[in-house]
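Trainee: Would you mind keeping the following structure in view while I ask a few things?
The values are calculated or read from the model by the stated rules, or taken from the named source; none is laboratory data. It should be emphasised that the depicted structure is a prediction, and the values quoted were computed from it without experimental measurement. In this analysis, Cβ positions are derived from the backbone assuming ideal geometry, glycine residues included, and neighbour counts consider all displayed protein chains.
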Amino acid sequence: MSLGAWLDDRLGTRSLAAGFFYRRIPRAVGWPHTLGSATLFLLLVQTVTGIFLAFYYVPSVEHAYGSVQYITEQVPFGAYVRGLHRWSASLVVIFAVLHLVRVFFMGAYKYPRETSWVVGVLLLGIIFAFGFTGYLLPWDQKAYWATVVGTHIAEWAPGVGDVVARLLRGGPEVGIRTLGRFFAFHVLFLPTFLWLLVAVHLFMVIRQGIAPPPVGRLAVIRPEEYRDRYEESKAEGASFLEHLTRDSVVALALLLIASWLALRYGAPLEEIADATTTTYVPRPEWYFYFLFELLWVFPGRWTVLPAFWIPVLGFLALLLLPFLDRGPARSPLRRPVASLAATAVLVGVLFLTYKGATAPAPPGSAPVAGAILSPELQKGREVFEAQGCGACHTVAGQGGASGPDLSSIGSLRDAAWLGRFVRDPEAVKAGSAMPDSKDLGGEDLSALVGYLSSLK
């Protein structure tokens with residue numbers, strides 16, 4: 001008896017397979033419906049390549065950077081696998097968002113798929129969390145300073161900001177505990193939640209069937225009419241095996257694209273993280289550009305909006321969408337308000353992403369990091385960098401371009417004014433876009449003010 005026959009005799013595998021592959025799917029299901037399976041395939045690529053990288057990666061500040069170098073330069077196929085991991089991470093964000101957009105405009109979040117939509121939104125949140133936690137692991141300059149800025153943004157959460165920031169960092173600053181926690185989240189906690197939710201999502205998709213395109217009699221459906229019309233559409237549709245062929249073609253194309261990107265561009269690795277440098281200006285990964293740009297749209301006390309309220313309320317709106325929009329219309333043309341609102345949000349996000357991607361690089365190349373300073377001024381410069389000030393301000397030609405140039409600030413303002421402004425910018429200058437430093441200790445504040453006063 002063959003293995004197949006042995007399993008079929010005990011589990012009925014042949015009938016299960018026939019029922020799965022030859023089940024009918026609704027009429028007009030086509031290439032747009034491959035976005036979900038494409039996202040699943042890219043998540044599998046992320047998992048497989050991530051396991052490979054975890055064999056060699058060492059999550060400590062002493063060895064993280066060296067282990068990434070070792071993977072890239074000495075492990076057979078290491079550079080390719082690392083590049084594949086990096087580029088499939090970007091592709092999975094693109095396809096997860098496209099899948100969500102497709103589901104929204106086809107009204108596939110409505111009865112009976114409300115819970116399937118909620119699980120899908122949670123999966124999207126986990127994908128972005130993977131992007132944030134994986135960013136620090138190479139322990140190069142970009143990873144370190146982008147995480148410094150990101151964890152400082154977390155402090156804007158009303159009431160819980162300090163707790164969230166310390167939970168992420170494991171202390172007052174980014175360091176060894178931060179790396180360990182990000183590694184644990186990225187490799188242990190998030191994958192567990194991801195695949196549990198993927199299993200639930202797949203079960204619901206198989207149980208409820210693929211959502212039909214909102215055309216003809218399916219453009220407007222009341223819950224009591226849904227079952228009959230869905231079965232009518234399935235009777236006119238093809239088998240799932242035919243659609244699986246399209247899924248396979250898309251998966252193969254994505255693998256080839258990700259492989260080409262990995263071989264052509266690889267995964268860059270900058271210099272090892274240096275917490276004392278004053279020359280590095282961090283930039284987030286491209287899929288966080290829109291939030292980064294929003295920080296400059298809402299200055300001063302309004303910074304809490306892009307730092308907390310807009311992401312949180314937007315995420316909650318997505319989660320609650322099926323329960324807020326319970327009308328029978330499914331076609332985007334029958335839901336003009338929702339369709340126009342969603343289009344406006346998409347255009348806004350794309351515009352902010354483009355603006356962030358095309359922002360000019362900060363000017364200058366003066367060797368500020370190599371300047372010889374007294375111990376007091378050196379401590380002030382370290383506070384300056386630890387607070388992420390260099391992301392916005394230029395000092396001697398080095399730093400960000402979004403805030404005022406501080407190269408001569410000591411000759412323009414006295415120490416008392418600088419102390420008040422750094423502590424609470426809004427109290428000194430209404431509408432200031434600079435975040436306050438009320439949580440900064442007195443010793444650190446004095447050192448920072450002393451350093452700024454020396455810039456003449």
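Trainee: Quick check on region 427-436. Is at least one of its residues out of contact with any Ser or Thr (no Cβ under 8 Å at 6 or more places or on another chain), free of Cβ contacts under 8 Å to residues at least 12 places away in the same chain and more than 19 Å from residue 304 (Cβ to Cβ)?
Mentor: no
Trainee: If I filter region 202-222 down to residues being among the β-branched types (Val, Ile, Thr) and assigned to a helix (DSSP H, G or I), which single residue comes out as farthest from residue 122 (Cα to Cα)?
Mentor: Among those that are among the β-branched types (Val, Ile, Thr) and assigned to a helix (DSSP H, G or I), it is 206.
Trainee: Next question, about the same structure. Any chance region 50-66 includes a residue that's in contact with an Asp or Glu (Cβ under 8 Å, 6 or more places away or on another chain), in the same structural domain as residue 243 (by TED's automatic domain parsing) and under 17 Å from residue 139 (Cβ atoms)?
Mentor: yes
Trainee: Any chance you could count how many residues in region 266-311 are outside any helix (DSSP H, G or I) and more than 20 Å from residue 425 (Cβ to Cβ)?
Mentor: Of the residues in region 266-311, 20 are outside any helix (DSSP H, G or I) and more than 20 Å from residue 425 (Cβ to Cβ).
Trainee: Quick one: count up the residues across region 387-419 that are at pLDDT 75 or above, in contact with a helix residue (DSSP H, G or I) (Cβ under 7 Å, 6 or more places away or on another chain) and either farther than 15 Å from residue 434 by Cα or of a type in the set (Asp, Glu) (or both).
Mentor: Counting residues in region 387-419 that are at pLDDT 75 or above, in contact with a helix residue (DSSP H, G or I) (Cβ under 7 Å, 6 or more places away or on another chain) and either farther than 15 Å from residue 434 by Cα or of a type in the set (Asp, Glu) (or both) gives 4.
Trainee: For region 60-80, name all the residues that are in contact (Cβ under 8 Å) with a residue 60 or more places away in the chain and either part of a helix (DSSP H, G or I) or acidic (Asp, Glu) (or both). Even if it seems obvious, please write down each step before you answer.
Mentor: To start, the set of residues in region 60-80 that are in contact (Cβ under 8 Å) with a residue 60 or more places away in the chain comprises 60-61, 64-65, 68-69, 72, 79-80.
Passing the criteria: 64, 65, 68, 69, 72, 79, 80.
Quick grid of which residues meet (1) over 30 Å from residue 72 (Cα atoms); (2) in contact (Cβ under 8 Å) with a residue 24 or more places away in the chain; (3) surrounded by fewer than 19 Cβ atoms within 10 Å (Cβ to Cβ); (4) in the same structural domain as residue 73 (by TED's automatic domain parsing):
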residue	(1), (2), (3), (4)
261	no, yes, yes, yes
264	no, no, yes, yes
271	no, yes, yes, yes
293	yes, yes, no, yes
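Trainee: If you don't mind, there's one more thing I want to ask. List, please: which pairs have Cβ atoms under 8 Å, are six or more places apart or on different chains, and start with a residue in region 189-215 that is closer than 15 Å to residue 230 by Cβ and end with one that is at pLDDT below 95 and of a type in the set (Ser, Thr, Tyr)?
Mentor: Listed by first residue and then by second, the contacts come to 209/230; 212/230; 212/233; 214/331; 215/331.
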